[in-house]
Amino acid sequence: MAWLDTRLLTVLTFFPLAWGVVGLMLPSGKDGKAVKAWSLVGTLLTFWISWILLGKFNGGTADFQFTENLPWIPGLGINYNLGVDGLSIWLIMLTTFLMPIVVLGAFTAVEERVKEFFFLLLALETGMLGAFVTLDAFLFYVFWEFMLIPMYFLIGIWGGKDRIYAAMKFFIYTMVGSLLMLVALFYLMHQHQLQFGSYSAAITDLYKLKLAGDGWFSVQGLLFLAFALAFAIKVPLFPLHTWLPDAHVQAPTAGSVVLAGVLLKMGGYGFLRFAFPLFPQAVAQYQMVFMALGAIAIVYGAWVAMVQPDIKKLVAYSSVSHMGYVVIGLFSLNTVGVTGSIYQMLNHGISTGALFLLVGMIYERRHTREISDFGGITKVMPLFAVAFLIVTLSSVALPGTNGFIGEFLILLGTWKTSQWTAVVAGTGVIFGAVYMLWMFQRVMFGPLKNPENEKLKDLSLREALVLLPLLVMAVWMGIKPNLFFNKMDASVAAFLERSVVKSAANDQAPSAPSQKAAPVPGASAKSKTSKI
Amino acid sequence: MSDEPLIATATTLNTIRPELLTMTFGQMAALSPWIWALGGALSMMLAAVLFKTWKWVVPALMIMATAGAAWSSTMLMDLGDQFLFNRMMLVDRFTLVFTVLFAISALVTTLSSMKYLDREGLQHPEYYILMLFSMIGMMNMVSALDLVVIFVALELMSISVYVLVGFRRADRRSNEAAVKYFVLGGAASAVFLYGSALLYGATGSINIQEILAAVEAGRAGGSLLFVLGAALVIFGFLFKVASFPFHMWMPDVYEGAPAPITGFMTTGIKAASFATFVRVMAGLGYGDGLAEAVQKHLHDILWISAALTMVIGNVIALTQVNLKRMLAYSSIAHTGYLLVGILVGPASDSGYGPIYLYLLAYTVMNLGAFAVLSALAKRGDSGINLHDMAGLSKRQPLMAFGMAVFLFSMAGIPPTAGFAAKYLLFYSAVQAGEIWITVIAVLCSAISVYYYLRVLVYMYMREPAEAGGSAGRSWMASAAVLAMIVLTLQIGVLPSRVIETAKSISKTAVPQIGQAGARAAR
């Protein structure tokens, strides 16, 4: 199996797509049962392949592992260049972990065009995995854009009432951001050619570029803005978040789970892999702007979520709020904050994914998502209530659940960099508890007023199987975070080495006076103490 | 008195060099695409008269002729540059790759026309013959090194198409389109010809190589006559490729013409015009050899025209409900991107290569899209509005899938040919330091996503409005669509070979004119 070792990432990435193509040729049969089973097996096998990857992954080094490098477009220095490190390994695992759950969760929800639905899900998995494993900036862009196509159809064909509007908005928003990133990427590739005399789009090569970084609209500043726009739209960061509630609410449950679980993480991952290490000086320049936006997103998202009458919309806005933590954690630029951010991305995938699944389950039964239509559900659906409770607590970051670890680390890291941001973000935790628990109370407790709710069936075995892994993970990640940190620490340290120390050194060396007393973010980060 | 004709004859004889009276093997081999095409055209005319079954014979001959031209062109790729007919024509890789492109265009149009013409009751042999003559005109045009030859070829190409545009002669829109195209096209040809005359006055030659030699020697590059001539020639081409402000004719013509012919025009004629445009721009010394001021002047003309063409094409396309009109405006928008290619060509590493790749991708995806439209059109060329596409994915899955692939490709989304074309182009533009026009271009392609995806919305996300009968299927149209899908995806996923080709033609072909020209002048 030496062959598999050298091509593990290729196999992992393209396995779902290939499996899906075969699935298209299966007979539809009644309800497309064959296709459903086929897709479930495919995603499970993908998960198994990713386990092999995790097992062989060495957490002690920050180098890229399992690298593959084949020429793709040699004329422009673009290669088929893959590899994983501690920043991407857990996001890959998150993707492969969520997909079987999503597929199993969609068994009864999809009635029309079953084959196409599951094919698109599998194609989407290939797109997401590809974006996480690629080390070539251009190839990243290809996967990044490719992901839009299946998601567009998932929202547009199987979505709710305003699905077309939501699908369009999702597509165009993302497209606008990423096209400017493409131009910036070309500029970087061109700079590489000028500075080193050869074409290249490999990120390890692009990291070596020297770009003028003084001032807001220096070369670095503009390029950073172009990249950051693409990633901020995807995260989504206030005020670019408006596509998200539409897309989330209109998407079918499977689409919402993938969107919240993995697609939003692309934005955070993009910051980690590209925007920060490529433009350290610009990051220092814009640090406070983004921290402020992140803090606004946290509080604003929470406030808007509080007044939503629709459960799914509430969860969507809670995403805006939670992803705000990710952004401030990243921009705190110290080990604790960045580690917390990556962890929070995983948490958000698990807990928000579970929330969307729960909302989907109750929607399938009642065909409504209005909070006011419910009340007293605990009495008729006890199992559902337990699951919902655990997920809610994980989402409000109760100690002992995954959410607590992430948010706590982020706040800790942020405090070191900017205390008032930490204070504002801290209030967000409180608001978060308020809207989630209030929603839970209105839906689950109280008298069973609505007669239609009396006949509701509790979770079926399939639904329990869908939720169980998520619940286990939510608690497991809250108790044993070190299992996860072990594999990330080296890479996070290397990441900070690239993104912070260099900028601090550059700032202080020749051009120190021209910097108008920007707070040097590296100062606190250099004390890489915090063994969590 | 009696001496004068004698002297004239003597000078004429002096200019004819003996080596021109014989043809080398290479030169004859270089003519083989023409032999296929012309032979095909002549035998089609005979077959139309001789055989009662011409309805099958003529298209079969057409397919043979175009496939033969394409095949022989690919065989000749390594032949090297062949100058023909007293350096009036040049067969090099540049010519050959474009010949392949024209042949693909004519071939696919033929396949998608058969059923369409039956439905319209317009099955006449002249249709195919005219199309082949138009293709010959394109081949002449792209190989021409002489402004007059370009003009003659331009007319051959255009006049054949004027007739084809008005081919649905019982239809008012078709007639209007033909007349409009004829009058305005004639005016543009006149502008081009006048520009050529002024260039001749300024440089003393109508041969592109000699014009370039004169410019490089600093003999003409800055004179008013030259600038005026160059500007008029450029305007002539800007009309042919329908760029702002000469784009007004295009939507009406594209809407009125039979659907397959619209596909032929958007691909073949556009590619031929752009290829020749590139040759002429290189011949005028654009980017290399021109006086600074003139260079800047031409640059600005192209910059403004490109920017406005992109913006206007994309913005107006947003409001169209007729698919042919929408694709016409989208075609204007793509013209804008291609003009960016001409604008930045000399200053980037890939030269004019991105234009070839873009035209190849555009040809493939647009032919596919029009093959779909031709297959869907009901009698009277109707039934290709947005709402006619509703629920297409259930009625005709292959056509819907094809259209989806082509539209994604036009919007420039990976992994399609259109994406490969766009990134090579934008990369060259960035390389040439033209950041701002690149930013305009990418923002415009973001706008374009809306109107391309709207078609997808109708095809995939809406139910058919009424059970309106389908237009009937044709295996030939399906085969054409399938082939274009495969090509679109293949160029998108594995672009390195076409990118190498694109780079190679720009490295050998265009500078070759300069070198050969310099040699000729000495």
**Report entry** Options B:ALA190, B:ALA432, B:PRO415, ranked by Cα towards positive dipole end of chain B, top entry (Cβ charges)
**Finding:** B:PRO415
Query raised in the report: Largest first, how would A:ASP85, B:ASP118 line up by accessible area (1.4 Å probe)?
Result: B:ASP118, A:ASP85
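Add +1 for every Lys or Arg and -1 for every Asp or Glu among the other residues with Cβ under 14 Å from the Cβ of B:MET157, and state the total.
Values: positive: B:LYS240, B:LYS270; negative: B:GLU155.
Around B:MET157, the surrounding residues sum to +1.
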Report summary line: For the range B:29-521, dividing by residue count, accessible area per residue (probe 1.4 Å) in Å² works out to 31 Å²
Report task. Quick one: accessible surface of A:GLU454, probe radius 1.4 Å, all protein chains present, in square angstrom to the nearest 10. Result -> 110 Å²
Query raised in the report: How large is the charge dipole for chain A, taken about the Cα centre, if only the Cβ atoms of Lys, Arg (+1) and Asp, Glu (-1) carry charge, to the nearest 20 debye?
Result: 500 debye
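Say a site is exposed when it is one of the trypsin sites (Lys or Arg not before Pro), sits in a DSSP loop, and has at most 16 other Cβ atoms within 10 Å; what is then the longest site-free stretch of chain A? Intermediate values should be presented prior to the final figure.
Values: sites that count: A:ARG7, A:LYS30, A:LYS161, A:LYS208, A:LYS210, A:LYS449, A:LYS457, A:LYS516, A:LYS526, A:LYS528, A:LYS531.
So the longest stretch without any such site is A:211-448.
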Requested in this report: Express the carbon and sulfur contribution to the solvent-accessible surface of chain A as a percent, rounded to the nearest whole number, probe 1.4 angstrom.
Outcome: 69 percent
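Over the range B:297-386, what is the relative contact order in percent, taking alpha-carbon pairs closer than 8 angstrom and at least six residues apart? Walk me through the numbers on the way to the answer.
On the way: 71 pairs, mean separation 25.5, N = 90.
Across the range B:297-386, relative contact order equals 28 percent.
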Report task. Would you mind checking which residues have amide H under 5 Å from A:LEU237's amide H? H placed 1.01 Å from N; only 5 or more apart, or other chain. Result -> none
Report summary line: Taking every alpha carbon pair in chain B and sorting the distances into 20 angstrom bins from 0 up to the bin holding the longest one, the percent per bin comes out as 23, 57, 18, 1, 0
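Provide the buried accessible surface between chains B and A in square angstrom, both chains summed, 1.4 Å probe, rounded to the nearest 100. Please list the in-between numbers first.
Working: alone 19990 and 19390 Å², together 36060 Å².
Between B and A, the summed buried area is about 3300 Å².
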Report summary line: Spelling it out for A:SER200: with amide H atoms placed in the peptide plane at 1.01 Å from N, the residues 5 or more places away or on another chain with amide H under 5 Å from its amide H are A:GLN193
**Report entry** Near-label residues of the range B:74-96 by backbone N, under 20 Å of a point 7 Å along Cα→Cβ of B:LEU42
**Finding:** B:85
Query - Net charge over other residues, Cβ less than 15 angstrom from the Cβ of B:LEU360 (K, R count +1; D, E count -1) - result: +4
Report summary line: With all protein chains present, the range B:272-350 has a carbon and sulfur share of its accessible area (1.4 Å probe) in percent of 64 percent
Report task. Give a residue-ordered list of calculated ³J(HN,Hα) values for the range B:326-336 (Karplus: 6.51 cos²θ - 1.76 cosθ + 1.60, θ = phi - 60°; whole Hz; x for Gly, Pro). Result -> 4, 5, 5, 5, 5, 5, 4, 4, 5, 4, x
Query raised in the report: When we measure straight from the Cα of B:LYS270, which aspartates and glutamates land under 15 angstrom away, once same-chain ones fewer than 8 places off are left out?
Result: B:GLU155
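Could you work out the mean count of beta carbons from other protein chains within 10 Å of each residue's beta carbon in B:493-505?
On the way: counts 2, 2, 5, 7, 2, 1, 5, 3, 0, 1, 2, 1, 0.
Across B:493-505, the average partner-chain Cβ count within 10 Å equals 2.
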Requested in this report: Hey, can you find the accessible area per residue of the range A:279-514 for me, probe 1.4 Å, expressed in square angstrom?
Outcome: 35 Å²
Report summary line: Losing no less than 20 Å² of accessible area (probe 1.4 Å) relative to the isolated chain, the residues of the range B:412-441 are B:ILE413, B:PRO414, B:PRO415, B:PHE419, B:TYR423, B:PHE426, B:TYR427, B:VAL430, B:GLN431, B:ILE435, B:VAL439
Query raised in the report: Considering only Cα-Cα distances, which of the following residue pairs are longer than 31 Å: A:LYS33/B:LYS324; B:LYS115/B:LYS394; A:LYS313/A:LYS379; A:LYS33/A:LYS234?
Result: A:LYS33/B:LYS324; A:LYS33/A:LYS234
Query raised in the report: Is it possible to state the helix-based mean residue ellipticity at 222 nm for chain B, with each DSSP H run of 4+ residues giving -39500 (n - 2.57), the sum divided by total residues, to the nearest 500 deg cm²/dmol? What is it?
Result: -25000 deg cm²/dmol
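Over the range A:12-152, what is the relative contact order in whole percent, taking alpha-carbon pairs under 8 Å and six or more residues apart? It would help to have the intermediate numbers written out before the result.
On the way: 185 pairs, mean separation 46.1, N = 141.
After rounding, I find 33 percent.
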Query - Per-residue SASA entry for A:VAL114, accessible area with 1.4 Å probe, Å² rounded to 10 - result: 10 Å²
Requested in this report: May I ask which residue of A:VAL424, A:LEU293, A:GLY324 lies farthest towards the positive end of the charge dipole of the range A:279-514, with charges of +1 (Lys, Arg) and -1 (Asp, Glu) on Cβ and the Cα centre as origin?
Outcome: A:GLY324
Query - Area accessible to solvent at A:ASP5, 1.4 Å probe radius, in Å² - result: 70 Å²
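Quick one: net charge of B:ILE342's neighbours, Cβ under 12 Å, K/R +1, D/E -1? Walk me through the intermediate numbers first.
Numbers: positive: B:ARG279; negative: B:GLU434.
Once all neighbours under 12 Å are counted, the net charge is 0.
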Query raised in the report: Rounded to the nearest 500 deg cm²/dmol, what is the calculated helix-only ellipticity per residue at 222 nm for chain A, with -39500 (n - 2.57) per DSSP H run of length n ≥ 4?
Result: -22500 deg cm²/dmol
Report task. Step through the residues of the range B:168-185 one at a time and calculate ³J(HN,Hα) from phi using the Karplus curve (6.51 cos²θ - 1.76 cosθ + 1.60, θ = phi - 60°), rounding each to whole Hz and writing x for Gly and Pro. Result -> 7, 6, 8, 9, 5, 5, 5, 5, 4, 4, 4, 5, 4, 5, 5, 5, 5, x
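Given 0.36 nm per residue, what is the gain on full extension from B:ASP118 to B:TYR450 after removing their alpha carbon distance, in nm?
On the way: separation 332, 0.36 × 332 = 119.52 nm, distance 3.47 nm.
Gain on stretching B:ASP118 to B:TYR450: 116.1 nm.
Need one value for A:175-188: mean number of C-beta atoms belonging to other chains within 10 Å of its residues' C-beta atoms.
Working: counts 11, 6, 1, 2, 12, 5, 1, 10, 10, 3, 4, 10, 5, 1.
Mean partner-chain Cβ count within 10 Å for A:175-188: 6.
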Query raised in the report: Residue-wise, which Karplus ³J(HN,Hα) couplings in Hz belong to the range B:64-79, taking 6.51 cos²θ - 1.76 cosθ + 1.60, θ = phi - 60°, and x for glycine or proline?
Result: 4, 5, 6, 5, x, 4, 5, 5, 5, 5, 5, 5, 8, 3, 9, 6
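Only bridges with both residues in the protein assembly as shown count here: give the DSSP antiparallel percent, nearest 5.
Working: 16 of 16 bridges.
Around 100 percent antiparallel, to the nearest 5.
In whole percent, what relative contact order does chain A give with Cα contacts below 8 Å and a gap of six or more residues? Provide the component values of the computation, followed by the final result.
Numbers: 909 pairs, mean separation 82.1, N = 532.
Result for chain A is 15 percent.
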Report task. Check the straight Cα-Cα distances from A:LYS449 and name the aspartates and glutamates below 19 Å, setting aside those fewer than 8 residues away within the same chain. Result -> A:ASP310, A:GLU370, A:ASP373, A:ASP458
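The values are calculated or read from the model by the stated rules, or taken from the named source; none is laboratory data. Just so we're clear, the structure is a prediction, and the values are computed from it rather than from any experiment. Using ideal geometry, Cβ is built from the backbone for each residue, glycine included, and neighbour counts are taken over all protein chains shown. For accessibility, only protein heavy atoms count, side chains too; no ligands or nucleic acids. Shrake-Rupley method; radii C 1.70, N 1.55, O 1.52, S 1.80 Å.
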